[in-house]
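Participant: Please see the structure below; I have some questions.
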Amino acid sequence: MKKHVMAALAGTVAGVVATTQIAGPLVAQEAVKDSSVYEQLDLFGDIFERVRAQYVEEVPTDKLITAAINGMLTSLDPHSSYLSAKDFADMQVQTRGEFGGLGIEVTQEQGFIKVIAPMDGTPADKAGIKAGDFITQVDGEPVSGLLLDEAVQKMRGPIGSEIVVTVVREGTAEPFDVSIIRDTIKLTAVRGRVVGKTMVLRITTFNDQTTSDLKDALKKGIDDLGGMENLDGVVIDLRNNPGGLLNEAISVSDAFLDKGEIVSTRGRAADSGERYNATPGDLANGKPIVVLINGGSASASEIVAGALQDLRRAIVVGTKSFGKGSVQTLIPLRGDGAMRLTTARYYTPSGRSIQALGISPDIVVQQPVTPPADPNAPQEKKPAVVPQRSEADLRGAIRNDSMTDEEKRLYEEELARAEESAKLRDEDYQLAYAVDIIKGLTAIAPAAP
(Lines give C-alpha, C1' and ligand atoms only; values in the text may rest on other atoms or scores of the structure.)
Protein backbone atom coordinates (compact mmCIF):
# COMPACT_ATOMS: atom_id res chain seq x y z
CA MET A 1 0.00 0.00 0.00
CA LYS A 2 2.80 2.34 0.96
CA LYS A 3 4.60 1.57 -2.30
CA HIS A 4 1.53 2.46 -4.32
CA VAL A 5 1.12 5.74 -2.48
CA MET A 6 4.75 6.63 -3.00
CA ALA A 7 4.52 5.71 -6.60
CA ALA A 8 1.51 7.87 -6.92
CA LEU A 9 3.19 10.72 -5.09
CA ALA A 10 6.33 10.35 -7.17
CA GLY A 11 4.23 10.42 -10.25
CA THR A 12 2.49 13.57 -9.13
CA VAL A 13 5.72 15.32 -8.32
CA ALA A 14 7.24 14.20 -11.59
CA GLY A 15 4.18 15.53 -13.34
CA VAL A 16 4.58 18.90 -11.67
CA VAL A 17 8.25 19.03 -12.60
CA ALA A 18 7.57 17.99 -16.15
CA THR A 19 4.81 20.54 -16.49
CA THR A 20 7.05 23.26 -15.09
CA GLN A 21 9.84 22.33 -17.48
CA ILE A 22 7.54 22.51 -20.50
CA ALA A 23 5.36 25.47 -19.55
CA GLY A 24 8.20 27.66 -18.32
CA PRO A 25 9.77 28.31 -21.74
CA LEU A 26 6.30 28.78 -23.33
CA VAL A 27 5.40 31.48 -20.83
CA ALA A 28 8.77 33.08 -21.42
CA GLN A 29 8.24 32.97 -25.19
CA GLU A 30 4.84 34.66 -24.89
CA ALA A 31 6.36 37.32 -22.65
CA VAL A 32 9.14 37.92 -25.20
CA LYS A 33 6.58 38.10 -28.03
CA ASP A 34 4.43 40.63 -26.13
CA SER A 35 7.54 42.62 -25.27
CA SER A 36 8.52 42.68 -28.94
CA VAL A 37 5.05 43.90 -29.98
CA TYR A 38 5.15 46.72 -27.40
CA GLU A 39 8.65 47.69 -28.54
CA GLN A 40 7.41 47.93 -32.14
CA LEU A 41 4.43 50.03 -31.06
CA ASP A 42 6.80 52.28 -29.10
CA LEU A 43 8.89 52.60 -32.28
CA PHE A 44 5.79 53.58 -34.23
CA GLY A 45 4.96 56.16 -31.54
CA ASP A 46 8.47 57.63 -31.75
CA ILE A 47 8.28 57.96 -35.54
CA PHE A 48 4.77 59.40 -35.35
CA GLU A 49 5.89 62.10 -32.92
CA ARG A 50 9.03 62.88 -34.93
CA VAL A 51 6.96 63.40 -38.09
CA ARG A 52 4.46 65.61 -36.27
CA ALA A 53 7.21 67.72 -34.72
CA GLN A 54 9.93 67.89 -37.39
CA TYR A 55 8.44 67.25 -40.85
CA VAL A 56 9.03 70.17 -43.19
CA GLU A 57 5.30 70.94 -43.30
CA GLU A 58 2.59 70.46 -40.69
CA VAL A 59 0.66 67.22 -41.31
CA PRO A 60 -2.83 66.63 -39.87
CA THR A 61 -2.81 63.89 -37.26
CA ASP A 62 -5.77 62.05 -38.80
CA LYS A 63 -3.97 61.94 -42.15
CA LEU A 64 -0.93 60.31 -40.56
CA ILE A 65 -3.01 57.72 -38.72
CA THR A 66 -5.08 56.90 -41.84
CA ALA A 67 -1.91 56.47 -43.90
CA ALA A 68 -0.42 54.18 -41.25
CA ILE A 69 -3.55 52.01 -41.12
CA ASN A 70 -3.72 51.85 -44.91
CA GLY A 71 -0.07 50.93 -45.13
CA MET A 72 -0.59 48.03 -42.74
CA LEU A 73 -3.64 46.68 -44.55
CA THR A 74 -2.45 47.14 -48.13
CA SER A 75 0.80 45.35 -47.30
CA LEU A 76 -1.27 42.19 -46.74
CA ASP A 77 -2.86 41.78 -50.20
CA PRO A 78 -4.39 43.94 -52.94
CA HIS A 79 -7.94 43.63 -51.55
CA SER A 80 -7.50 44.54 -47.87
CA SER A 81 -7.84 48.26 -47.15
CA TYR A 82 -9.15 50.94 -44.85
CA LEU A 83 -12.30 52.84 -45.82
CA SER A 84 -12.87 56.30 -44.49
CA ALA A 85 -16.39 57.27 -43.48
CA LYS A 86 -16.97 58.77 -46.96
CA ASP A 87 -15.49 55.78 -48.82
CA PHE A 88 -17.55 53.40 -46.69
CA ALA A 89 -20.73 55.34 -47.47
CA ASP A 90 -19.85 55.36 -51.20
CA MET A 91 -19.30 51.60 -51.17
CA GLN A 92 -22.66 50.97 -49.51
CA VAL A 93 -24.34 53.07 -52.19
CA GLN A 94 -22.49 51.11 -54.90
CA THR A 95 -23.77 47.75 -53.66
CA ARG A 96 -27.29 49.17 -53.90
CA GLY A 97 -26.70 49.76 -57.61
CA GLU A 98 -26.05 53.50 -58.12
CA PHE A 99 -22.91 55.59 -57.65
CA GLY A 100 -20.85 58.29 -59.28
CA GLY A 101 -17.63 57.72 -61.24
CA LEU A 102 -16.17 56.24 -64.40
CA GLY A 103 -17.61 52.74 -64.17
CA ILE A 104 -14.49 50.57 -63.88
CA GLU A 105 -13.47 47.93 -61.36
CA VAL A 106 -9.74 48.17 -60.64
CA THR A 107 -6.97 46.52 -58.67
CA GLN A 108 -3.30 47.35 -58.12
CA GLU A 109 -0.53 45.48 -59.88
CA GLN A 110 3.16 46.31 -60.31
CA GLY A 111 2.53 49.73 -58.78
CA PHE A 112 -0.04 50.69 -61.40
CA ILE A 113 -3.83 50.57 -61.55
CA LYS A 114 -5.08 47.58 -63.55
CA VAL A 115 -8.59 47.45 -64.94
CA ILE A 116 -10.42 44.26 -63.97
CA ALA A 117 -13.39 45.20 -66.10
CA PRO A 118 -15.35 48.20 -67.38
CA MET A 119 -19.04 48.04 -66.52
CA ASP A 120 -21.51 47.89 -69.40
CA GLY A 121 -22.82 51.22 -70.64
CA THR A 122 -20.66 53.35 -68.31
CA PRO A 123 -18.41 56.26 -69.39
CA ALA A 124 -15.30 54.05 -69.22
CA ASP A 125 -16.96 51.39 -71.37
CA LYS A 126 -18.08 53.94 -73.96
CA ALA A 127 -14.60 55.47 -74.02
CA GLY A 128 -13.08 52.11 -74.98
CA ILE A 129 -11.39 51.11 -71.70
CA LYS A 130 -10.82 47.33 -71.71
CA ALA A 131 -10.18 44.61 -69.15
CA GLY A 132 -6.44 44.23 -68.61
CA ASP A 133 -5.60 47.89 -69.36
CA PHE A 134 -3.10 49.58 -67.05
CA ILE A 135 -3.79 53.18 -66.00
CA THR A 136 -0.43 54.86 -65.43
CA GLN A 137 -1.43 58.52 -65.18
CA VAL A 138 -4.51 60.51 -64.21
CA ASP A 139 -4.71 64.01 -65.69
CA GLY A 140 -0.97 63.86 -66.36
CA GLU A 141 -0.02 62.84 -62.81
CA PRO A 142 1.60 59.38 -62.33
CA VAL A 143 -0.27 56.93 -60.11
CA SER A 144 2.85 54.87 -59.42
CA GLY A 145 3.52 54.79 -55.69
CA LEU A 146 -0.01 55.75 -54.70
CA LEU A 147 -2.24 53.48 -52.63
CA LEU A 148 -5.15 51.98 -54.55
CA ASP A 149 -7.71 54.10 -52.69
CA GLU A 150 -5.66 57.24 -53.35
CA ALA A 151 -5.55 56.50 -57.08
CA VAL A 152 -9.29 55.77 -57.12
CA GLN A 153 -9.92 59.06 -55.32
CA LYS A 154 -8.05 60.89 -58.10
CA MET A 155 -10.41 59.35 -60.66
CA ARG A 156 -13.49 60.58 -58.80
CA GLY A 157 -14.89 64.05 -59.35
CA PRO A 158 -17.96 66.09 -60.14
CA ILE A 159 -20.46 64.57 -62.57
CA GLY A 160 -19.93 66.03 -66.05
CA SER A 161 -16.26 66.85 -65.46
CA GLU A 162 -13.54 65.52 -67.77
CA ILE A 163 -10.72 63.23 -66.78
CA VAL A 164 -7.82 62.11 -68.98
CA VAL A 165 -6.24 58.75 -68.15
CA THR A 166 -3.06 57.40 -69.72
CA VAL A 167 -3.47 53.76 -70.69
CA VAL A 168 -0.93 51.03 -71.39
CA ARG A 169 -2.49 48.15 -73.31
CA GLU A 170 -0.99 44.81 -74.29
CA GLY A 171 -0.43 44.69 -78.03
CA THR A 172 -0.27 48.48 -78.34
CA ALA A 173 3.24 49.83 -78.73
CA GLU A 174 2.83 53.21 -77.01
CA PRO A 175 0.77 54.48 -74.06
CA PHE A 176 -2.21 56.57 -75.13
CA ASP A 177 -4.58 59.03 -73.49
CA VAL A 178 -8.31 58.47 -73.10
CA SER A 179 -10.69 61.31 -72.26
CA ILE A 180 -13.69 60.30 -70.12
CA ILE A 181 -16.59 62.40 -68.85
CA ARG A 182 -17.59 61.44 -65.31
CA ASP A 183 -21.21 60.48 -64.82
CA THR A 184 -23.62 58.91 -62.36
CA ILE A 185 -23.30 55.15 -62.71
CA LYS A 186 -26.68 53.47 -62.60
CA LEU A 187 -26.13 49.77 -62.85
CA THR A 188 -28.70 47.46 -64.35
CA ALA A 189 -27.48 44.25 -62.77
CA VAL A 190 -29.04 41.94 -65.39
CA ARG A 191 -30.05 42.53 -68.99
CA GLY A 192 -32.04 39.89 -70.85
CA ARG A 193 -32.51 39.25 -74.55
CA VAL A 194 -33.89 36.40 -76.64
CA VAL A 195 -31.73 35.08 -79.50
CA GLY A 196 -33.67 32.53 -81.52
CA LYS A 197 -35.02 30.27 -78.79
CA THR A 198 -32.15 30.94 -76.40
CA MET A 199 -32.42 33.25 -73.39
CA VAL A 200 -29.30 35.38 -72.91
CA LEU A 201 -28.82 36.81 -69.40
CA ARG A 202 -26.07 39.41 -69.23
CA ILE A 203 -25.06 39.86 -65.56
CA THR A 204 -22.92 42.98 -65.14
CA THR A 205 -22.46 42.99 -61.35
CA PHE A 206 -23.54 41.23 -58.16
CA ASN A 207 -25.37 43.79 -56.05
CA ASP A 208 -28.55 43.75 -53.98
CA GLN A 209 -30.67 43.70 -57.15
CA THR A 210 -28.99 40.92 -59.13
CA THR A 211 -31.12 37.89 -58.25
CA SER A 212 -34.43 39.72 -58.53
CA ASP A 213 -33.38 41.31 -61.85
CA LEU A 214 -32.33 37.88 -63.15
CA LYS A 215 -35.68 36.31 -62.26
CA ASP A 216 -37.59 39.18 -63.89
CA ALA A 217 -35.49 39.05 -67.08
CA LEU A 218 -35.81 35.27 -67.38
CA LYS A 219 -39.59 35.37 -66.82
CA LYS A 220 -40.04 38.07 -69.45
CA GLY A 221 -37.95 36.11 -71.98
CA ILE A 222 -39.91 32.90 -71.39
CA ASP A 223 -43.17 34.82 -71.75
CA ASP A 224 -41.94 36.34 -75.03
CA LEU A 225 -41.15 32.83 -76.30
CA GLY A 226 -44.63 31.65 -75.40
CA GLY A 227 -43.69 29.37 -72.51
CA MET A 228 -40.92 27.20 -71.09
CA GLU A 229 -41.55 24.49 -73.71
CA ASN A 230 -40.28 26.87 -76.42
CA LEU A 231 -37.02 27.64 -74.59
CA ASP A 232 -33.92 25.85 -75.93
CA GLY A 233 -31.62 26.92 -73.11
CA VAL A 234 -29.93 29.79 -71.27
CA VAL A 235 -26.66 31.66 -71.81
CA ILE A 236 -25.36 33.36 -68.64
CA ASP A 237 -22.95 36.05 -69.79
CA LEU A 238 -20.45 36.89 -67.01
CA ARG A 239 -17.78 38.47 -69.20
CA ASN A 240 -16.16 41.55 -67.65
CA ASN A 241 -18.24 41.09 -64.50
CA PRO A 242 -15.91 42.11 -61.65
CA GLY A 243 -17.99 40.43 -58.94
CA GLY A 244 -19.68 41.88 -55.88
CA LEU A 245 -21.70 40.36 -53.05
CA LEU A 246 -21.02 36.75 -52.04
CA ASN A 247 -24.65 36.09 -51.05
CA GLU A 248 -25.84 37.20 -54.49
CA ALA A 249 -23.38 34.86 -56.24
CA ILE A 250 -24.75 32.00 -54.12
CA SER A 251 -28.35 33.04 -54.86
CA VAL A 252 -27.78 33.23 -58.62
CA SER A 253 -26.10 29.82 -58.65
CA ASP A 254 -28.93 28.36 -56.57
CA ALA A 255 -31.46 29.67 -59.10
CA PHE A 256 -30.27 27.02 -61.60
CA LEU A 257 -29.44 24.17 -59.21
CA ASP A 258 -31.59 21.64 -57.37
CA LYS A 259 -28.92 20.30 -55.05
CA GLY A 260 -25.21 20.19 -54.29
CA GLU A 261 -22.64 22.46 -52.70
CA ILE A 262 -22.32 25.85 -54.37
CA VAL A 263 -19.20 27.15 -52.64
CA SER A 264 -17.27 26.76 -49.41
CA THR A 265 -15.03 29.21 -47.57
CA ARG A 266 -12.07 28.41 -45.33
CA GLY A 267 -10.42 30.92 -43.06
CA ARG A 268 -7.40 30.86 -40.81
CA ALA A 269 -9.07 28.99 -37.94
CA ALA A 270 -9.93 25.35 -38.51
CA ASP A 271 -13.54 25.86 -37.43
CA SER A 272 -14.15 29.04 -39.43
CA GLY A 273 -15.22 27.31 -42.66
CA GLU A 274 -18.67 27.77 -44.18
CA ARG A 275 -20.50 25.66 -46.76
CA TYR A 276 -23.36 26.92 -48.90
CA ASN A 277 -25.69 24.39 -50.53
CA ALA A 278 -28.31 24.66 -53.25
CA THR A 279 -32.01 24.36 -52.49
CA PRO A 280 -34.58 22.60 -54.73
CA GLY A 281 -35.87 24.63 -57.66
CA ASP A 282 -34.28 25.23 -61.09
CA LEU A 283 -35.61 28.31 -62.90
CA ALA A 284 -34.53 26.82 -66.25
CA ASN A 285 -36.25 23.45 -65.63
CA GLY A 286 -33.08 21.53 -66.50
CA LYS A 287 -32.65 23.18 -69.92
CA PRO A 288 -29.03 23.44 -71.16
CA ILE A 289 -26.93 26.31 -69.80
CA VAL A 290 -23.76 27.90 -71.20
CA VAL A 291 -21.74 30.30 -69.04
CA LEU A 292 -19.57 32.88 -70.80
CA ILE A 293 -16.42 34.13 -69.01
CA ASN A 294 -13.23 36.01 -69.84
CA GLY A 295 -10.28 37.65 -68.11
CA GLY A 296 -12.58 40.33 -66.68
CA SER A 297 -14.77 37.79 -64.85
CA ALA A 298 -13.77 37.89 -61.20
CA SER A 299 -14.79 36.98 -57.66
CA ALA A 300 -18.57 36.39 -57.51
CA SER A 301 -18.59 35.64 -61.25
CA GLU A 302 -16.07 32.87 -60.68
CA ILE A 303 -18.19 31.41 -57.86
CA VAL A 304 -21.16 31.08 -60.23
CA ALA A 305 -19.09 29.71 -63.12
CA GLY A 306 -17.22 27.27 -60.86
CA ALA A 307 -20.38 25.96 -59.18
CA LEU A 308 -22.30 25.36 -62.42
CA GLN A 309 -19.21 23.83 -64.03
CA ASP A 310 -18.30 21.47 -61.18
CA LEU A 311 -21.90 20.30 -60.71
CA ARG A 312 -22.15 19.65 -64.47
CA ARG A 313 -25.06 22.02 -64.81
CA ALA A 314 -23.43 24.24 -67.44
CA ILE A 315 -20.74 24.32 -70.10
CA VAL A 316 -18.27 27.15 -69.50
CA VAL A 317 -17.11 28.92 -72.67
CA GLY A 318 -14.67 31.76 -73.34
CA THR A 319 -11.25 32.45 -71.85
CA LYS A 320 -9.69 31.97 -68.39
CA SER A 321 -11.17 34.14 -65.65
CA PHE A 322 -9.36 36.67 -63.44
CA GLY A 323 -8.59 34.40 -60.48
CA LYS A 324 -9.77 36.29 -57.38
CA GLY A 325 -10.49 33.48 -54.95
CA SER A 326 -10.50 35.35 -51.65
CA VAL A 327 -13.29 36.60 -49.41
CA GLN A 328 -13.24 40.08 -47.89
CA THR A 329 -15.14 40.85 -44.69
CA LEU A 330 -16.30 44.41 -44.13
CA ILE A 331 -15.75 45.36 -40.49
CA PRO A 332 -17.28 48.68 -39.34
CA LEU A 333 -14.96 50.78 -37.18
CA ARG A 334 -15.33 53.73 -34.84
CA GLY A 335 -15.77 57.05 -36.61
CA ASP A 336 -18.11 55.56 -39.26
CA GLY A 337 -15.22 54.09 -41.25
CA ALA A 338 -14.61 50.41 -42.02
CA MET A 339 -11.88 47.87 -42.64
CA ARG A 340 -12.01 45.56 -45.63
CA LEU A 341 -10.03 42.50 -44.57
CA THR A 342 -9.32 39.28 -46.44
CA THR A 343 -10.56 36.59 -44.05
CA ALA A 344 -10.97 33.44 -46.15
CA ARG A 345 -10.46 31.69 -49.47
CA TYR A 346 -13.38 30.22 -51.31
CA TYR A 347 -13.49 26.81 -52.97
CA THR A 348 -15.63 25.43 -55.77
CA PRO A 349 -17.75 22.28 -55.18
CA SER A 350 -14.88 20.02 -56.27
CA GLY A 351 -12.65 21.55 -53.59
CA ARG A 352 -10.44 23.63 -55.88
CA SER A 353 -9.25 27.11 -55.01
CA ILE A 354 -9.06 29.37 -58.02
CA GLN A 355 -6.98 32.05 -56.25
CA ALA A 356 -4.51 33.44 -58.82
CA LEU A 357 -5.47 30.58 -61.18
CA GLY A 358 -8.96 31.41 -62.41
CA ILE A 359 -11.71 29.25 -63.88
CA SER A 360 -10.62 27.41 -67.02
CA PRO A 361 -13.40 27.19 -69.61
CA ASP A 362 -14.55 23.82 -70.91
CA ILE A 363 -14.30 25.24 -74.42
CA VAL A 364 -11.78 28.02 -75.10
CA VAL A 365 -13.18 30.62 -77.49
CA GLN A 366 -11.27 33.81 -78.15
CA GLN A 367 -13.11 36.97 -79.11
CA PRO A 368 -11.64 38.16 -82.43
CA VAL A 369 -9.91 41.53 -82.06
CA THR A 370 -10.76 44.05 -84.74
CA PRO A 371 -7.76 46.32 -85.37
CA PRO A 372 -8.58 50.04 -85.18
CA ALA A 373 -9.24 51.61 -88.55
CA ASP A 374 -6.51 53.84 -89.94
CA PRO A 375 -8.19 57.04 -91.16
CA ASN A 376 -5.28 57.72 -93.53
CA ALA A 377 -5.41 54.32 -95.17
CA PRO A 378 -7.05 54.12 -98.61
CA GLN A 379 -10.57 52.76 -98.55
CA GLU A 380 -10.57 49.30 -100.05
CA LYS A 381 -13.58 47.97 -101.82
CA LYS A 382 -15.25 45.05 -100.16
CA PRO A 383 -15.34 41.92 -102.31
CA ALA A 384 -18.66 41.43 -103.95
CA VAL A 385 -20.83 38.76 -102.38
CA VAL A 386 -21.41 36.01 -104.89
CA PRO A 387 -25.01 34.81 -104.65
CA GLN A 388 -25.32 31.09 -103.94
CA ARG A 389 -27.30 28.97 -106.34
CA SER A 390 -29.49 26.10 -105.22
CA GLU A 391 -31.74 23.46 -106.76
CA ALA A 392 -34.63 25.94 -106.76
CA ASP A 393 -32.67 28.26 -109.09
CA LEU A 394 -32.27 25.64 -111.80
CA ARG A 395 -34.44 25.97 -114.88
CA GLY A 396 -37.24 23.47 -114.82
CA ALA A 397 -36.62 22.38 -111.21
CA ILE A 398 -39.45 20.38 -109.67
CA ARG A 399 -41.38 22.48 -107.17
CA ASN A 400 -42.00 21.31 -103.64
CA ASP A 401 -45.77 21.20 -103.24
CA SER A 402 -45.78 18.72 -100.38
CA MET A 403 -45.38 21.31 -97.56
CA THR A 404 -48.44 22.70 -95.87
CA ASP A 405 -48.73 26.42 -95.13
CA GLU A 406 -47.95 25.70 -91.47
CA GLU A 407 -44.87 23.68 -92.39
CA LYS A 408 -43.69 26.50 -94.69
CA ARG A 409 -44.19 29.01 -91.88
CA LEU A 410 -42.15 26.92 -89.44
CA TYR A 411 -39.43 26.42 -92.06
CA GLU A 412 -39.18 30.16 -92.74
CA GLU A 413 -39.03 30.93 -89.00
CA GLU A 414 -36.22 28.41 -88.53
CA LEU A 415 -34.36 29.93 -91.50
CA ALA A 416 -34.78 33.43 -90.02
CA ARG A 417 -33.39 32.24 -86.68
CA ALA A 418 -30.37 30.70 -88.41
CA GLU A 419 -29.73 33.96 -90.25
CA GLU A 420 -30.04 35.88 -86.97
CA SER A 421 -27.38 33.65 -85.40
CA ALA A 422 -25.12 34.21 -88.42
CA LYS A 423 -25.43 38.00 -88.01
CA LEU A 424 -24.64 37.65 -84.29
CA ARG A 425 -21.22 36.19 -85.16
CA ASP A 426 -20.15 39.55 -86.59
CA GLU A 427 -21.49 41.40 -83.53
CA ASP A 428 -20.29 39.06 -80.75
CA TYR A 429 -18.50 35.89 -81.79
CA GLN A 430 -18.29 34.35 -78.29
CA LEU A 431 -22.00 34.87 -77.63
CA ALA A 432 -22.90 33.41 -81.04
CA TYR A 433 -20.74 30.37 -80.21
CA ALA A 434 -22.59 29.94 -76.90
CA VAL A 435 -25.99 30.16 -78.61
CA ASP A 436 -24.89 27.58 -81.19
CA ILE A 437 -23.90 25.19 -78.38
CA ILE A 438 -27.38 25.53 -76.87
CA LYS A 439 -28.93 24.78 -80.27
CA GLY A 440 -26.70 21.74 -80.69
CA LEU A 441 -27.49 20.37 -77.23
CA THR A 442 -31.20 20.85 -77.87
CA ALA A 443 -31.01 19.10 -81.23
CA ILE A 444 -29.66 15.89 -79.69
CA ALA A 445 -31.62 16.04 -76.44
CA PRO A 446 -34.15 13.23 -75.93
CA ALA A 447 -37.68 14.21 -76.82
CA ALA A 448 -39.88 15.20 -73.90
CA PRO A 449 -42.48 12.53 -72.98
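Participant: Would you be able to tell me the number of residues in region 55-81 that are touching a residue at least 24 places away in the same chain (Cβ under 8 Å) and assigned to a loop (DSSP other than H, G, I, E, B)?
Facilitator: Counting residues in region 55-81 that are touching a residue at least 24 places away in the same chain (Cβ under 8 Å) and assigned to a loop (DSSP other than H, G, I, E, B) gives 5.
Participant: How many of the residues in region 317-335 are within 15 Å of the chain's Cα centre (by Cα), over 21 Å from N277 (Cβ atoms) and in a strand (DSSP E or B)?
Facilitator: Adding up the residues that qualify gives 3.
Participant: Count, please, the residues in region 109-144 that happen to be out of contact with any strand residue (DSSP E or B) (no Cβ under 7 Å at 6 or more places or on another chain), assigned to a strand (DSSP E or B) and within 24 Å of A356 (Cβ to Cβ).
Facilitator: Looking only at that region, the number is 1.
Participant: Please determine whether any residue of region 195-214 is modelled with pLDDT of 95 or more, surrounded by 13 or more Cβ atoms within 10 Å (Cβ to Cβ) and of a type in the set (D, E).
Facilitator: Scanning region 195-214 turns up at least one residue that is modelled with pLDDT of 95 or more, surrounded by 13 or more Cβ atoms within 10 Å (Cβ to Cβ) and of a type in the set (D, E).
Participant: Here's something else I'd like to know. Considering every residue within region 101-116, establish whether at least one is over 30 Å from I437 (Cβ atoms), among the hydroxyl-bearing types (S, T, Y) and either modelled with pLDDT of 90 or more or crowded, with 20+ Cβ neighbours inside 10 Å (or both).
Facilitator: No, region 101-116 contains no residue that is over 30 Å from I437 (Cβ atoms), among the hydroxyl-bearing types (S, T, Y) and either modelled with pLDDT of 90 or more or crowded, with 20+ Cβ neighbours inside 10 Å (or both).
Participant: Name the pairs whose Cβ atoms lie under 8 Å apart, with the first residue in region 272-287 and under 17 Å from D310 (Cα atoms), the second of a type in the set (F, W, Y) and buried (at least 17 other Cβ atoms within 10 Å of the Cβ), and 6 or more positions between them or separate chains?
Facilitator: D282/F256
Participant: Right, something else. In this structure, does D237 turn out to be at pLDDT 95 or above, among the charged types (D, E, K, R) and open to solvent by less than 20 Å² (accessible area, probe 1.4 Å)?
Facilitator: The answer is yes for D237.
Participant: Restricting to region 356-366, name every residue that is part of a loop (DSSP other than H, G, I, E, B) and open to solvent by 70 Å² or more (accessible area, probe 1.4 Å).
Facilitator: Within region 356-366, A356, L357, D362, Q366 meet the criteria.
Participant: Same structure again: Take T188 and tell me if it is closer than 14 Å to L102 by Cβ, open to solvent by 40 Å² or more (accessible area, probe 1.4 Å) and either among the polar types (S, T, N, Q) or modelled with pLDDT of 95 or more (or both).
Facilitator: When the stated conditions are applied, T188 does not pass them.
Participant: I would also like to ask the following. Residues to consider are A31, A53, A68; find the one that is aliphatic (A, V, I, L, M) and at pLDDT below 90.
Facilitator: Sole residue among the options that is aliphatic (A, V, I, L, M) and at pLDDT below 90: A31.
Participant: What tally of residues in region 403-417 results from selecting those that are of a type in the set (A, V, I, L, M) and open to solvent by 70 Å² or more (accessible area, probe 1.4 Å)?
Facilitator: Going through region 403-417 one residue at a time, the tally reaches 2.
Participant: Any idea which of (1) of a type outside the set (D, E); (2) open to solvent by less than 60 Å² (accessible area, probe 1.4 Å); (3) within 25 Å of L73 (Cα to Cα); (4) in contact with a strand residue (DSSP E or B) (Cβ under 7 Å, 6 or more places away or on another chain) is the one L330 doesn't satisfy?
Facilitator: Result: L330 passes all but (2).
Participant: Please count how many residues of region 156-182 are closer than 12 Å to P123 by Cα, touching a residue at least 40 places away in the same chain (Cβ under 8 Å) and surrounded by 11 or more Cβ atoms within 10 Å (Cβ to Cβ).
Facilitator: Looking only at that region, the number is 6.
Participant: Within region 333-353, take every residue that is open to solvent by less than 60 Å² (accessible area, probe 1.4 Å) and of a type in the set (A, V, I, L, M) and give me the one that is farthest from I69 (Cα to Cα).
Facilitator: Among residues in region 333-353 that are open to solvent by less than 60 Å² (accessible area, probe 1.4 Å) and of a type in the set (A, V, I, L, M), the one farthest from I69 (Cα to Cα) is A344.
Participant: Also, quick follow-up: Could you tell me whether A344 is part of a loop (DSSP other than H, G, I, E, B), farther than 23 Å from T204 by Cβ and either among the small types (G, A, S) or at pLDDT below 95 (or both)?
Facilitator: Considered against the rule, which asks whether it is part of a loop (DSSP other than H, G, I, E, B), farther than 23 Å from T204 by Cβ and either among the small types (G, A, S) or at pLDDT below 95 (or both), A344 comes out as no.
Participant: Scan region 418-449 for residues that are modelled with pLDDT of 75 or more, among the aliphatic types (A, V, I, L, M) and open to solvent by less than 90 Å² (accessible area, probe 1.4 Å) and report the count.
Facilitator: Total meeting the criteria: 9.
Participant: From the list Y55, Y82, which residue is crowded, with 18+ Cβ neighbours inside 10 Å and more than 30 Å from T319 (Cβ to Cβ)?
Facilitator: Y82
The values are calculated or read from the model by the stated rules, or taken from the named source; none is laboratory data. On a predicted model such as this, the values are computed, not experimentally measured, just so you know. Glycine also receives a Cβ, built like all others from the backbone with ideal geometry; neighbour counts cover every protein chain displayed. Remember, those area values only see protein heavy atoms, side chains included, never the ligands or the DNA or RNA. Shrake-Rupley method; radii C 1.70, N 1.55, O 1.52, S 1.80 Å.
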